[in-house]
Structure formats: C-alpha cells, structure tokens
Amino acid sequence: MGQPMFYFGTNLKMNQTPAEAQAFVAYIADRLKSIVHRSIQLWFIPSFTNIMSVAEPCKSAGIWLGAQNMHWEEGGAFTGEISAAQLKACGVNLVMLGHAERRTLFGETDEALNKKVLSATRHGLRIMLCVGEPAFEKVHRTGPEYVARQLKIALDGLTDPSSLIILYEPVWSVGSGGVPAEPADVTEAFANIRHILLTLFNEAGRSVPMLYGGSVTADNCASYAHLPDCAGVGVGRAAWQPEAFVTVLEKALSKKA
C-alpha cells in the first residue's frame, strides 16, 4: 500500500488531562469508523503526560501518536527533556519538531533541529518538521529564503526522507492572534518547499507529504485541503474538542472549498 492521501490531526500543546485525552481519542475513533475506507491518516499529539494513556487506543484505531518535542541525545543529565528511545518505548511513532512556539519561545535553532531529526531517524520515528517564516520576513518578501534555510540545515545529513512530513506553519499564522494564510500564498510556499526537497533528495523529495497549519478552522480548511500539492492539514484550537475535530475533518474532505 502507498502513502495515505490525506493527513489530518492536531497538536494539543499544554492542554488536557490523561482522562480527557483518552476520551478525545475514544470519541474520534468511534465517530470516524465510517471513513476508514478512505485514504486518511489521523494523528494526535498530546502532552507528554498523556502519551501513555492514549498509546493503546491510538494503536487500536490506527491513529499516529505523536510527541511535541524530543532531545537528540540517547539519555543523560538533561533535566526536563525526553529522548527518542523513551518516546518510542511509550508507543510514540511520530515526533513534531521545530514548531514555531518552540523556536520563538524556547530558542530552538535549526542546528539543534538537525540533531533531533537525525536522532529520530535512527530510532525509526516519523518526523513532522515544522517550517515557516515570521512576519518580518513576510513583509520583506524573504519568506522563501528563510524557509529554504530552515529546511537545508534541519535536514542536513538525512539521506532517506521516507519518514519525513513537512508542516508549513507561518509564524504569523500560529496561535490565538494568528492570521490564516491565503491559499495562493500556501501554494507558493509549497512550490518553494518542494523545490528544496528535490534539491536535497532528488526524486525521493517528490513523495514527501506537505501539510498546512496555522489558524485552520472549519470555515477555511477545505480551501487548503484541496490545493494541488497539499497532503493534509494540521489544526490547532479549532480541533481541541473531539466534536470539532470531526467537524473540521469532514469539512476538509468536502468537495466544496
């Protein structure tokens, strides 16, 4: 079987208790049984404290279970961090790296992300690498160069991109005050990202899925989902309630953009 045609999921950030995460996964697993025949891959990225509570339910439902971050070392004196091996032992099969909040609030660099990418690869984890330009770069129309640098540094030394997913999340579109990108701008950004992927990985770069995230809602999700090179969407607060998660997915899959 080939790759799923559409990837859909949410990053819960610092929200939910273990019981709430369990109820969330149980609800969407039950509600979405009717669409499993379609080429859809769901993913769910809870807080570290909730991973163990949803590991088995996610596995049973075929939902990829992700982590919001990880350290590149195998172990050691890194208080507050978690390793790829620890994540995998807890049932995680996807790790989100380079989220805009990690970069802006916690000083995460492209160099550090490169170490994380290579570590995740060694441990057989799927990688959802977040890239995107801040408002300053957008204003000065240097976004493509900014994103190209992010990709080239973070992916340096990666030879096989088969476990890689790119989530394009412009910094100015993320969070409660974010502004959703225009579909035409996302198309332009995807073309730039695809060019870089082809440069780095030759033809293998053509099969790397590209997703859009950033102020995605039930009202605008279809306008992104039906873009020619869009393999899915990452949804924030608009999908933090299980009923809303299902609603946004259904709207994204609708033929009417």
Gain upon complete extension [Phe136, Ala148; 0.36 nm per residue less C-alpha separation] = 2.7 nm
Find the relative contact order for the chain and round it to a whole percent, using C-alpha pairs within less than 8 Å whose residues are 6+ positions apart.
-> 18 percent
Chymotrypsin sites (Phe, Trp or Tyr not before Pro) within the range 45-100: DSSP coil, no more than 15 neighbouring Cβ in 10 Å | Phe78
Output ³J(HN,Hα) for the range 72-79: one whole-Hz value per residue in order, computed from phi by the Karplus curve 6.51 cos²θ - 1.76 cosθ + 1.60 with θ = phi - 60°, and x for Gly and Pro.
-> 8, 7, 6, x, x, 7, 10, 3
Of all DSSP beta bridges located in the range 1-91, what percent are antiparallel, nearest 5?
-> 0 percent
Percent of C-alpha pairs per 10 Å bin, the chain, short to long = 7, 33, 39, 20, 2, 0
Per the 1.4 Å probe, what fraction of the accessible area of the range 134-205, in percent, lies on carbon and sulfur atoms?
-> 55 percent
In what order, largest first, do Met128, Met14 sit by accessible area if the probe radius is 1.4 Å?
-> Met14, Met128
May I ask for log10 I(q)/I(0) of the range 13-80 at q = 0.15, 0.16, 0.27 Å⁻¹, from a Debye sum over the Cα atoms as equal point scatterers with solvent left out?
-> -0.54, -0.60, -1.20
In Å², rounded to a whole number, the accessible area per residue of the range 109-193 with probe 1.4 Å is 44 Å²
Ranked order, Glu74, Glu133, Glu203 - accessible area, probe 1.4 Å, largest first | Glu203, Glu74, Glu133
Rg to Rh, two decimals, where the range 186-242 supplies the alpha carbon set and Rh follows Kirkwood = 1.06
Dimensionless Rg/Rh of the range 1-139, both radii on Cα and Rh by Kirkwood, sits at 0.98
So, for the Cα atoms of the range 152-224, Rg and Dmax in Å stand at 13.5, 40
Starting from the Cα coordinates of the range 90-209, work out the convex hull volume and express it per residue in Å³.
-> 114 Å³
Amide H neighbours of Gly9 at under 5 Å, excluding residues fewer than 5 places away on the same chain, with H built from the backbone geometry, are Trp43, Val233, Val235
Can you put Asp229, Asp110 in order of accessible area, largest first, using a 1.4 Å probe?
-> Asp229, Asp110
Rounded to 5, percent antiparallel among DSSP beta bridges of the chain | 0 percent
Reciprocal of mean inverse Cα separation for the range 159-199 (Kirkwood radius, Å) | 11.8 Å
Label zone at Lys13, where the point sits 7 Å out along the Cα-to-Cβ direction: the range 177-198 residues whose backbone N lies under 19 Å | 177-181
Dipole of the chain, Cα-centred, from +1 at each Lys and Arg C-beta and -1 at each Asp and Glu C-beta, to the nearest 20 debye?
-> 480 debye
Helix hunt in the chain: which complete DSSP H runs extend at least 24 Å axially by C-alpha with mean Kyte-Doolittle at least 0.0?
-> 183-201
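The values are calculated or read from the model by the stated rules, or taken from the named source; none is laboratory data. All figures in this text were calculated on a predicted structure; none of them were measured in a lab. Using ideal geometry, Cβ is built from the backbone for each residue, glycine included, and neighbour counts are taken over all protein chains shown. Quick note on the areas: whole protein, heavy atoms, side chains included, nothing else; ligands and nucleic acids left out. Shrake-Rupley method; radii C 1.70, N 1.55, O 1.52, S 1.80 Å.
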